[in-house]
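First the structure, in the form of structure tokens, and then the observations on it.
The values are calculated or read from the model by the stated rules, or taken from the named source; none is laboratory data. All figures in this text were calculated on a predicted structure; none of them were measured in a lab. Note that each Cβ is placed from the backbone with ideal geometry, even for glycine, and that neighbours are counted across all protein chains shown. These accessible areas exclude ligands, DNA and RNA; they are computed on the full protein's heavy atoms, side chains included. Shrake-Rupley method; radii C 1.70, N 1.55, O 1.52, S 1.80 Å.
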Amino acid sequence: MKQPQTSRRSFLALAALTPFAVAATSACGTSGPGTSSGGGGASMWYLSGEPNQTTMQKAVDAFNSANPDNKIAVTYFQNDAYKTKIKTAIGAGQAPTIIYGWGGGTLKTYAEANQVEDLTSWFEENKDLKEKFFPSSFGAATVDGKIYALPNQYVAPIVLFYNKELFEKAGVQPPKTWDDVMSLVKTFNDMGVAPFSLGGQSRWTSMMWLEYLLDRIGGPEVFNAIFEGKPNAWLDPAVIETGTKIQELVTAEGFIKGFSSIAADSNADQALLFTGKAAMMLHGSWTYGAMKKGGQNFVQSGKLGFVHFPTVAGGKGDPKNGVGNPAQYMSISSKATEEEKESAKKFFKDGILTETVIDTYISSGSVPIVNGIEDKLDTSEDKDFLNFVYDLAKNAPNFQQSWDQALSPTAAEALLNNIDQLFLKSITPQQFAENMNATLGK
């Protein structure tokens, strides 16, 4: 059965439902890069695709109605077109006032080139706004201790899902430790069930395993050193141990046979879980909605379980740490006029994640990055899962952004290629670390 197309990429990028770039503007008219329409205001580029486009447009319309002298002119683009256009515009000094992005490595590049505003002091002046958001959402917005972007939208952690029906048949509990994982591998293989589903052809699905294992083994400091480009950061012993445990899991047949030819973008990996062919799946929280929609009543009947990633004996990482996508981000172009910058900041303060926007995200099955929304989440039919995601994100001492978003585009592509080889055991953990170490600074 073909499942709805709900991939991590479309989730991250709010991917468009149309094949063409979309240009639609708010009521205040069209504005070119770095300019605003008459009467003051600011320009913003945003991504098309539902429900996010409609949600943002409603937020902009409400803000513009209440702030006629600070209107936001928004233009929508399909994801791939946007990435190309924004890079060109920023390089030419013609960026829109408000720059939508994903934080991490790309934001670091902008910040180091002085292309986006340092918002650190502004957040100090607006502490109530900063305290509104999950503390963990600011990590990917921060470069060298300074904040260059406003976190917004919703959080998408990586979650360990499991099939409750299969666990009941096996008479076992979901894993709390890595030793539990390896024990369950034998249990389910003996039952003729794949321990873990994995869409390995997509590569980024395999990356999730390394992200969590490295955190649990070495703590967040190891990847922080990699992100900062410190010499030989990839050669940390925790990286080698992470790769070793992955290959031990592969050797023990922990993953579905043929995982390297299964694509996550077709949701084939999810289908393996809800049809009972696999007992567990490490994946993004966005797959909950896809499984609810196309999972043959798997979610509605209470058969889907979800837990934190297991601990590793002797590991330094806090078991409450999370990985995934802590938020989406908005920056302000350093080339904008002072009037445009002030309009953008006013929109950041009064127009983003209003009560209406928060309610819209929750109704669509997402968890906004806002503190104190427990009562709202409890009104949802998905409250158990939403509260789980909310607690994970809110209470995470460290929430590591997905590596392929945190690193530079060059390093991210090398990472995905080397992860693929690591899982196929065509390179050793040491070779993986050496290959990645060669990407530092690139």
* To do: Return the calculated 222 nm mean residue ellipticity for the chain, to the nearest 500 deg cm²/dmol, obtained by summing -39500 (n - 2.57) across DSSP H runs with n ≥ 4 and dividing by the residue count.
  => -13000 deg cm²/dmol
* **With DNA, RNA and ligands ignored, accessible area of LYS303 (1.4 Å probe; Å², nearest 10)** => 70 Å²
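Would you mind finding the longest exposed-site-free stretch of the chain, with exposed GluC sites (Glu not before Pro) meaning DSSP loop and at most 15 other Cβ atoms within 10 Å? Each step should come with its number before you reach the end.
Working: sites that count: GLU228, GLU253, GLU381.
That would be 1-227.
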* Debye intensity ratio I(q)/I(0), log10, the chain, q values 0.06 Å⁻¹ (C-alpha model) -> -0.25
* Structure fact -> Under a 1.4 Å probe, counting only protein heavy atoms, LYS345 has an accessible area in Å², nearest 10, of 40 Å²
* **Amide H within-cut-off set for VAL370, under 5 Å, with H built and near neighbours excluded** => PHE134
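Can you tally the net charge around TYR390? Count Lys and Arg as +1, Asp and Glu as -1, for every other residue whose Cβ sits under 15 Å from the Cβ of TYR390.
-2
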* Asked: Using modelled backbone amide H atoms (1.01 Å from N, in-plane), which distant-in-sequence or interchain residues come within less than 5 Å of VAL116's amide H?
  -> SER334
* To do: Could you state how much accessible area SER65 has, in square angstrom rounded to the nearest 10, with a 1.4 Å probe and all protein chains kept in place?
  => 100 Å²
* **Potential lengthening between SER261 and LYS277 on full extension [0.36 nm per residue; Cα-Cα distance subtracted]** => 4.2 nm
* What part of the accessible area of the range 141-243, given as a whole %, is carbon or sulfur when the probe is 1.4 angstrom? -> 46 percent
* To do: Report the paramagnetic label zone for LYS127: residues of the range 338-367 whose backbone N is under 19 Å from a point 7 Å from Cα along the Cα-to-Cβ axis.
  => 349
* Where both residues lie in the chain, what percent of DSSP beta bridges are antiparallel, nearest 5? -> 60 percent
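How large is the accessible surface per residue of the chain, computed with a 1.4 Å probe and reported in Å² as a whole number?
It amounts to 40 Å² per residue over the chain.
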* Structure fact -> In order over the range 128-144: 3J(HN,Hα) from phi, Karplus 6.51/-1.76/1.60, θ = phi - 60°, whole Hz, x for each Gly or Pro, gives 4, 5, 4, 6, 5, 9, 4, x, 5, 6, 8, x, 6, 9, 10, 10, 6
* Could you check the simple spin-label distance between SER183 and LYS87, using points 7 Å along Cα→Cβ, in nm with one decimal? => 4.8 nm
* Indicate the gyration tensor shape class of the range 301-421 (rounded, prolate or oblate), computed on the Cα atoms with a ≥ b ≥ c the square roots of the eigenvalues: a/c under 1.5 is rounded; otherwise a/b larger than b/c is prolate and the rest oblate. => oblate
* Asked: Which cross-chain or sequence-distant (5 or more) residues have an amide H under 5 Å from the amide H of ILE99, H modelled 1.01 Å from N in plane?
  -> SER331, ILE332, SER333
